[in-house]
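Down below is the structure, laid out as C-alpha cells.
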Amino acid sequence: MHKLLKQIQELRLRISPGSLDVILKWLRVELTYTSNNIEGNTLTRKETALTIEEGITSGSKPIKDYLEAKNHAEAFDHVVSLIKQEKISYEDVTLKIHSMILNGIDDGNRGRYRSVRVRIAGSDVVLPNPLEVPDLMRNFTEKLDKKPDGVLKALEAHYKLVEIHPFTDGNGRTARLLMNFILLRAGYLPMVIAPIERKRYIASINSRNAKNNLLGYYDYMLRMLKKSLDMYVKLFGEHDTADDQSLMTIGEFAKYCNVPRSTVRYYLRVKKIEPASYTNSGYMLFSKKQTELLKKNLPE
C-alpha cells in the first residue's frame, strides 16, 4: 500500500498545473459517463457529452438517463466550486451532492436520509436501520470535518458512505463524488472507475463489507487511482513543446490546428485522418505531425 501511495504522489507531480482547467472540463463528461454507467445508465460517452455540453435531453433513451447526466455534471461543477473553500461541513456537502444527483428524478427523497429499509442487490450485507442513519451520518461527517484531506481519507469516506447507505437511491454516485471532492481538496485529481471495472469495483466493496477485507479494498482503490493518474499524465502531462512526438487529446489537437473539435471528428468519421495512438481506456491521441495531414483536407 505504501508503495502505491508513493507512486501516486510521484504521478501527481508530473501533471501540468496549467492543465487543471482543461482536465476538469474533460472530467465533467468522463466522470458523469463512468459513474452513471456503473449504476445502469444507458447513455454512451458521446450521448453523455451531447447532453451535458449541448443540452440534448431527448432521444431514444429513457428521459431519466438524460437527467442523470445533466444532474451529475452540475453536482461535479458544485464540488469543484468548493475546492478552495476553507471551511466546509461534509454533511452539508454530501446532502447537497445527493440533492443535485436526484433533482427532477426523485424530488421527494433528494437531499434526505432514507426512512425505509433498503438492501443492496446481490449482497447479503444487512444495512443500518433507517432510524440509525442520521446519527451514523453525523458521526461520520464530523470525523471527516476534523481530519486533513488526503488520499486515505477520500477512500474511507467513499466506503463509509456506501456502508451506511443513507439514501434510498444515488448512494454510489454521491460516494464517488464525495471521494473525488476530497481528492481535489488534497491536491489530487479524481479517480475514474471505468465501466469495465464495475464487477471488480463492487467486489472490493462487498469483500470489505462481508469479510472485513480492508487491505483488499484499499489495494484495489489505490490501483484505480494510480491508473487514473497514469492516464492524466499521458493525456495532460508536461510535454517538451519542441518534441513533435508529444501527444494531444482531440480537444488540444483541434485547438492546435485552429479548427472546431467537430471538424476533427468529421475527418475522423470519413477516415481522412486517424489517431496517432490510444490510451488504455480508448481515448484518441494525436501528434503534431498530423497537423499538415488535417490541413491538406481542409477546404480552401
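Observations, loosely collected:
- Just so you know, in segment 50-80 the residues that are in a helix (DSSP H, G or I) and polar (S, T, N, Q) include one that is nearest to Ile193 (Cα to Cα), and it is Asn71.
- Of the residues making up segment 26-49, those that are part of a helix (DSSP H, G or I) and free of Cβ contacts under 8 Å to residues at least 12 places away in the same chain number 1.
- Filtering Val116, Val126 for residues that are β-branched (Val, Ile, Thr), assigned by TED's automatic domain parsing to the domain that holds Glu163 and more than 23 Å from Arg208 (Cα to Cα) leaves a single hit, Val116.
- Screening segment 102-195 for helices (runs of 4 or more DSSP H) wholly inside it with 1 or more residues that are more than 24 Å from Phe76 (Cβ to Cβ) returns the ranges 133-146.
- In segment 122-160, residue farthest from Phe181 (Cα to Cα) [restricted to those that are surrounded by 13 or more Cβ atoms within 10 Å (Cβ to Cβ) and among the small types (Gly, Ala, Ser)]: Ser123
- Within segment 178-197, the set of residues being hydrophobic (A, V, I, L, M, F, W, C), closer than 14 Å to Asn37 by Cα and touching a residue at least 24 places away in the same chain (Cβ under 8 Å) comprises Val192, Ile193, Ala194.
- Sole residue being out of contact with any Cys (no Cβ under 9 Å at 6 or more places or on another chain) and exposed (fewer than 13 other Cβ atoms within 10 Å of the Cβ), chosen from Lys61, Lys70, Lys96, Lys84: Lys84
The values are calculated or read from the model by the stated rules, or taken from the named source; none is laboratory data. It should be emphasised that the depicted structure is a prediction, and the values quoted were computed from it without experimental measurement. Virtual Cβ from ideal backbone geometry, glycine too; neighbours counted across all protein chains shown.
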